[in-house]
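Take a look at the structure set out below.
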Amino acid sequence: MKYIIGTRKSKLAMAQANFVCKTLKQSYPEDEFIIQIVQTKGDLILDRPLHEIGDKGLFVKEIEERILSHEIDIGVHSMKDMPAFPASGLIFSKPWKREDPRDVLILREKNSLEELAPGSVIGTGSKRREFQLKQLRPDLTVINIRGNIDTRLRKMEEQKLDGIVLAAAGLHRLGMQERITMYFDGNQMISAPAQGALALEIREGEEKILGMLDAFADEETANQIEAERGFLQEIGGDCHIPVGAVCKKLKDETYELYTMFGNETGSRQAYAVVQGAKPSELAKKAATQIRQQMAGFVSLVGAGPGDAKLITLRGQKAIQEADCIVYDRLSSPELLHEAKPGCEFIYVGKASHNHTMKQSEINKLLVQMSMKYEKTVRLKGGDVYVFGRGGEEGLYLREKGVPFEIIPGISSAIAGLAYAGIPITHRGIAQGFRVVTAHDKDDKLADIDFASMATGKETCVFLMGFSKVKEISEKLMEAGMLPHTKAAVISCAATPEQKTCVSDLAHIADDVKESHLTSPAIIVVGDVIALREKLDFFESRPLFGKRYLLPAIGEKSTKLGELLQKQGAYVKEIQVGQIVNQEIPFTADELKAVDWMIFTSKNGVNAFFSSMSSSKLDVRNLAECKIAAIGDKTSELLKSYGIYPDLIPKEFHSDALTQELRKVLGKEEKVWYFKAKNADDHLKKSLQGYCKFEEIIVYENKSVSLEQKEFPDIKDYDGVIFTCASSATRLIQKSGKEWGSSVASYSIGPKTTECLKKLGIENIQEAKRADYDALCELICCSCGQSHTNMV
């Protein structure tokens with residue numbers, strides 16, 4: 001029988017493959033064994049550290065692909081280069097006796113680590129080796145070096161490095177032991193898990209080949225590898241994280257496992273040494289000890305249902321401080337805007353029948369993130385414990401030695417009903433309530449005590465049961481509940497998409513189907529539903545059910561968006577620009593010579609005072625200057641800096657400001673107008689002949705790139721809201737103007753309206769005043785509703 005052995009082309013890889021081939025030929029002379037060379041990704045990229053170019057499969061993927069395609073029968077790898085588990089469809093044979101697992105130091109001139117002078121340069125491609133070497137000799141300089149053994153030795157000579165760190169096993173296999181200056185003891189430098197061992201990989205189900213390879217298995221090596229790789233699996237290390245594990249057999253037939261783990265920078269490292277007879281238990285024990293030293297803090301946070309503002313203050317603070325947030329479908333996306341810059345977001349799904357990540361995988365992920373970050377938040381819709389599986393996550397974290405806390409959230413069982421105008425209890429109607437999950441782990445109707453529900457007086461709430469509405473209503477009626485008993489289904493509770501279907505038990509299933517409701521949904525049964533008509537505050541708001549697109553400047557949510565949301569609207573804010581201040585050095589003498597300053601926006605105010613601060617000046621330097629401003633918001637911001645404007649036109653636009661200023665300006669008066677770099681020169685043209693007018697550019701409204709995949713379909717919205725000409729230009733340049741006649745456009749003022757018309761937009765409505773309140777009032781009136789003063 002002919003067998004093809006696959007390997008990389010390096011000298012070491014060939015030596016390993018030749019060893020395997022020779023061993024098999026000697027034991028199975030009737031079979032033919034041939035070596036085939038395969039080039040891997042790791043062989044092609046030699047100018048960057050391993051942790052920058054891929055995972056632990058860097059040197060094996062191409063070989064595995066050929067095994068699966070039957071081009072190769074046996075893959076020969078270094079076990080330390082292998083991922084924690086083989087690729088699907090492949091298995092490892094039992095380990096053969098390993099080579100020396102230690103790391104070694106090769107020095108160009110000196111004879112020991114102690115002889116090296118401070119600042120001596122040592123090369124290695126491993127963070128694990130670098131960080132441990134720094135523990136032994138903090139005064140050394142460690143640089144990255146890549147390539148095979150010969151290449152690294154050559155680089156040491158050419159670059160005049162003082163030394164390099166390599167694995168003893170490779171030098172032994174190549175017969176180059178004489179180049180070794182010293183061996184590191186296992187407690188000096190902990191080796192990579194499974195260093196010195198070979199990984200022989202074959203297709204799953206190839207029993208004959210497996211038997212041939214397992215004939216050379218070594219029990220001691222197998223136990224060592226089980227402990228070392230078991231630790232790697234337990235701790236969740238990858239190519240970016242330095243991980244070490246080496247297992248030794250003791251005289252009493254037990255084993256001792258040395259382990260280390262660090263973060264990417266090496267600023268945090270932990271070490272553990274454990275003893276025992278069972279390798280798998282050693283791995284778990286060591287991983288737990290490492291976590292107890294290094295793990296960050298995990299907060300399991302209940303996000304509340306739908307409305308982001310229902311998050312608790314403590315939950316909000318945890319989000320704001322988080323380095324990583326693991327979130328699911330039922331937590332409001334708005335809450336992610338509270339996170340600090342650089343926070344990593346990981347979506348884990350959990351929609352019905354469509355789990356992005358299984359619960360067991362989420363548990364492991366939380367542990368992994370705790371080893372990577374100081375603060376990790378697991379953000380869950382509703383409450384952590386109310387059918388949220390938070391208990392499972394907490395127990396797993398405790399088992400793995402990771403500190404955690406629970407921050408409860410408002411359950412949809414209570415808040416979802418309240419947002420639909422249904423009180424879960426009410427004196428004289430319902431003295432209590434029952435909350436149950438409607439499906440079991442097999443997605444069948446849960447084992448619910450319908451009989452006691454049918455005879456009780458409590459409000460009955462069923463969560464996660466949207467597909468079971470018909471079964472639930474039938475079971476309740478079979479148990480004796482009257483068919484005319486009030487029933488309701490609340491879809492997407494506490495969100496702008498909320499819909500409520502009210503019926504009775506006999507008809508609720510059909511009515512829900514006709515209403516085209518979607519999950520997630522809450523099922524409610526009980527007499528308290530009759531109070532909805534009088535207690536509904538959410539769906540009765542003037543803009544409820546309306547959807548608006550708001551192109552915005554900056555990343556933060558706008559005040560206008562908040563105003564519209566209070567009126568019930570769904571507002572999609574899309575960033576089309578960002579404000580970048582330009583620091584202008586002012587002097588006291590310059591400011592003293594200015595008679596009037598003009599501010600037409602909050603951005604101009606903030607940018608000006610930023611330059612004032614950097615120039616080490618304050619409001620005292622403006623004592624002899626008068627201030628003109630457009631709009632209440634600009635005026636309010638000026639007041640926060642201690643400035644009360646001398647002139648504010650009744651109408652909030654530049655033409656009105658020009659008319660007022662012409663009445664009071666003298667031709668010799670010096671006027672500064674603080675503006676954006678890309679703003680027009682309308683004010684300058686209007687006032688130039690009336691004073692000594694000067695434009696001072698203090699900020700720039702820069703455009704941002706709009707990704708096509710993230711760009712909304714404007715025809716899905718009831719209107720588009722424009723607060724400035726630049727936003728209009730950028731959005732329409734991206735979207736085109738085809739929607740311009742079918743979708744309403746709302747403009748904040750004359751200049752924005754003029755810009756929209758020039759861009760070909762037809763259906764335009766303009767606010768009476770150029771401020772957010774007037775714009776919000778316009779939108780409400782256009783829907784035939786009155787503006788409500790909600791707090």
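The values are calculated or read from the model by the stated rules, or taken from the named source; none is laboratory data. Note that the coordinates shown come from a computational prediction; the quantities given were computed from them, not determined experimentally. Backbone-built Cβ (ideal geometry, glycine too); neighbour counts: all protein chains shown. Just so you know, the surface numbers come from the protein's heavy atoms only, side chains and all, with ligands and any DNA or RNA stripped out. Shrake-Rupley method; radii C 1.70, N 1.55, O 1.52, S 1.80 Å.
Details
- Shape summary of the range 467-623, radius of gyration then Dmax from alpha carbon positions: 27.7, 89 Å.
- Residues with amide H under 5 Å from that of Lys486, placed H, sequence gap 5 or more: Gly526
- Residues of type aspartates and glutamates that Lys155 reaches as a straight line, Cα spacing below 15 Å, ignoring anything fewer than 8 places off in the same chain: Asp47, Glu109
- Computed as a quarter of the hull surface, the mean projected area of the alpha carbon convex hull for the range 712-791 stands at 5.5 nm².
- Cα-derived Rg over Rh, computed across the range 387-488 with Rh taken as Kirkwood radius: 1.05
- Normalised convex hull volume, the range 553-696, alpha-carbon set, Å³ per residue: 122
- In Å, descending, principal axis extents of the Cα set of the range 173-290: 49, 38, 35
- Ranked by solvent-accessible area (1.4 Å probe, protein heavy atoms only, all chains present), the residues Leu535, Leu136, Leu116 order from largest to smallest as Leu535, Leu136, Leu116.
- Based on the convex hull around the alpha carbon atoms, the range 113-212 presents an average projected area of 8.4 nm².
- Cross-link partners of Lys208 among aspartates and glutamates, defined as those whose alpha carbon lies under 18 angstrom from its own and excluding same-chain residues fewer than eight positions apart: Glu30, Asp31, Glu32, Glu71, Asp73.
- Distances between every pair of Cα atoms in the range 694-750, grouped in 10 Å steps from 0 to the bin holding the largest one, split as 19, 48, 23, 8, 1 percent.
- For the range 436-478, the set of trypsin sites (Lys or Arg not before Pro) satisfying both a DSSP loop assignment and a count of at most 12 other C-beta atoms within 10 Å is given as Lys441, Lys444, Lys457.
- Exceeding the 32 Å Cα-Cα cut-off - candidates Lys317/Lys468; Lys285/Lys358; Lys663/Lys751; Lys278/Lys358; Lys639/Lys757; Lys572/Lys702: Lys317/Lys468; Lys639/Lys757
- Using the Karplus relation 6.51 cos²θ - 1.76 cosθ + 1.60 with θ = phi - 60°, the per-residue 3J(HN,Hα) values for the range 378-392 come to 9, 9, 10, x, x, 9, 4, 9, 7, 6, x, 6, x, x, 5 Hz, with x marking Gly and Pro.
- Counting only DSSP beta bridges with both residues in the chain, the antiparallel share comes to about 45 percent.
- Taking GluC sites (Glu not before Pro) across the range 100-166, the ones in a DSSP loop with at most 13 further Cβ atoms lying within 10 angstrom of their Cβ are Glu109, Glu114, Glu115.
- Pairs over the 32 Å Cα-Cα cut-off, from the set Lys80/Lys251; Lys626/Lys734; Lys110/Lys284; Lys61/Lys441; Lys127/Lys309; Lys364/Lys546: Lys626/Lys734; Lys110/Lys284; Lys61/Lys441; Lys127/Lys309; Lys364/Lys546.
- In the range 205-288, the GluC sites (Glu not before Pro) that fall in loop regions by DSSP, at most 11 other Cβ within 10 Å: Glu253
- Phe538, Phe85, ranked by accessible area, largest first (probe 1.4 Å): Phe85, Phe538
- Charge-dipole axis of the range 307-438 as Lys and Arg at +1 and Asp and Glu at -1 on Cβ define it, positive-most pick from Val402, Val386, Leu365: Val386
- On Cα atoms only, tilt of 654-664 relative to the major axis of the chain in degrees: 60
- Charge dipole (Cα centre; +1 on Lys/Arg Cβ, -1 on Asp/Glu Cβ; no other charges) of the chain amounts to roughly 1160 debye.
- For the range 332-444: relative contact order, % (alpha-carbon pairs under 8 angstrom, 6 or more apart): 15
- Amide H to amide H, with H built 1.01 Å from N, Ile35 comes under 5 Å of Ile5, counting only residues 5 or more places away or on other chains.
- Accessible surface ranking that places the most exposed of Lys9, Lys572, Lys751 first, with a 1.4 angstrom probe: Lys9, Lys751, Lys572
- Mean separation of Cα contacts under 8 Å, 6 or more apart, over the residue count of the range 120-274: relative contact order %: 19
- Of all DSSP bridge pairs formed entirely within the range 229-386, close to 55 percent run antiparallel.
- Area projected by the alpha carbon convex hull of the range 294-446, averaged over all directions, nm²: 10.0
- Area of Arg662 that stays accessible when all protein chains are in place (1.4 Å probe, Å², to 10): 100
- Contact order relative to length of the range 602-758, as percent, for alpha carbon pairs under 8 angstrom and 6 or more apart: 17
- Whole-angstrom gap from the range 349-415 to the range 578-596, using each part's C-alpha centre: 51
- Under 5 Å between amide hydrogens, built in the peptide plane, is the criterion, and for Tyr699 it picks out Gln582, Lys675, Lys677 among residues at least 5 positions away or on other chains.
- Accessible area of Ser78 (1.4 Å probe, protein heavy atoms only, ligands and nucleic acids ignored): about 30 Å².
- Within the straight-line cut-off of under 13 Å between alpha carbons, the aspartates and glutamates reachable from Lys559 are Glu573, Asp771, Asp773, sequence neighbours fewer than 8 places apart in one chain being disregarded.
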